[in-house]
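Q: Just dropping this structure here.
The values are calculated or read from the model by the stated rules, or taken from the named source; none is laboratory data. Since the structure is predicted, the reported quantities are computational estimates derived from the model, not experimental observations. Here Cβ is always computed from backbone atoms with ideal geometry, including for glycine, and neighbour counts include all displayed protein chains. Please note that ligands, DNA and RNA were not included when accessible areas were found on the heavy atoms of the full protein model with its side chains. Shrake-Rupley method; radii C 1.70, N 1.55, O 1.52, S 1.80 Å.
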Amino acid sequence: MKLVGIALAALAMVGLMASDAGAAYVSELLFVGAGTYDHDVNPNDPFGYGDYGFFAGDYNLDIHVTDEICNWYLDPSLSVDFVGAKSAGRTTHHIGMGESGIELDGDLIPWGAMGYNWEEGKGIYVGLGDASGFVGFDPDVLVGDYAWDIDGGGDDLAMRIRPSSDEMLAYSVRMRMHRSFTWLSGQPAAEWMAAWMAPFAGGVAMDGLEYGLRKIAIRLGEWDTEDYSISYSGRMRITGCDDPPVPEPMTLLLFGGGLVGAALLRRRR
């Protein structure tokens, strides 16, 4: 669930930093955080409602934009580590995302298997976009309390975003998860996410994103056997404004997650 919060804790927070030459932009979001997951909040009902996880992190970005139509590429670098709480035979798990694809405990899901091509020095092509929408971006718009009710059974996720310093675009993020990994693995969350994002992606079905997130959800369900300490860190980078190619499906617009959800799918309390 945290991955849907990360990888589900950022494109909404990713701006565009103009290069000196003015021919391309590069934008980066840097984040780091940690949390805990309690697998047996209600051992008799792993699909039930309770406080299963709490995560806290800091997110930093810069936004400098020009008014252009851009050809955007996404270059994610993400690492999430799970350390089991059992005193004997402590379990560890790892999720990574980078140039080769998504890695789950050493098992690689290549970008090609999700229908994407990685372009050296740029990342994955995510389509055309109008950067002018970021020109009037107000950083205060992200500050607030948010909640998501995915299946109509109560708030499955709750998030609080606050300024973390005097820097204009530095944020402190707190997320509480009220559903278990087992519950998540049985939900069509990736399908819902693709459907939610379709209006922002020109109506193109986000098959590759759905496939990758579904693989992550299934693996989290398999790992839901003990309590974990979880740490995560990463970078989301976007480059743009090359000469545009023939448009292709924009299926990765939501990689980066919880802050994307906060901006596009949020319900402010």
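Q: Which whole-Hz ³J(HN,Hα) couplings does the stretch 153-162 yield from phi under the Karplus relation 6.51 cos²θ - 1.76 cosθ + 1.60, θ = phi - 60°, glycine and proline marked x?
A: After applying 6.51 cos²θ - 1.76 cosθ + 1.60, I find x, x, 6, 7, 9, 10, 9, 10, 10, 9 Hz.
Q: Through the Karplus equation 6.51 cos²θ - 1.76 cosθ + 1.60, θ set to phi - 60°, convert the phi angles of the stretch 114-119 into ³J(HN,Hα) values in whole Hz; use x for Gly and Pro.
A: Computed from phi, the couplings for the stretch 114-119 are 9, x, 10, 10, 8, 9 Hz.
Q: Shifting gears a bit: Suppose each label sits 7 Å from its Cα in the direction of the beta carbon; what would the S229-D107 distance come out to in nanometres?
A: 2.7
Q: What order do you get for 182-192, 41-51 when each peptide is scored by the mean count of other beta carbon atoms within 10 Å, highest first? Intermediate values should be presented prior to the final figure.
A: Working: 182-192: 19.1, 41-51: 13.4.
Ranked by mean Cβ neighbours within 10 Å, highest first: 182-192, 41-51.
Q: For the peptides 107-113, 167-173, what is the packing order when you average, over each peptide's residues, the other Cβ atoms within 10 Å and list the highest mean first? Spell out each step's value before the answer.
A: Numbers: 107-113: 13.9, 167-173: 16.9.
Order by mean packing, descending: 167-173, 107-113.
Q: Let me ask something additional. Calculate the FRET efficiency for H94 and M168 from the Cβ-Cβ distance with a Förster distance of 45 Å, rounded to the nearest 0.05.
A: Here the calculated transfer efficiency is 0.85.
Q: Order the following by accessible area, largest value first: R160, R90. Probe radius 1.4 Å; ligands, DNA and RNA are ignored.
A: R90, R160
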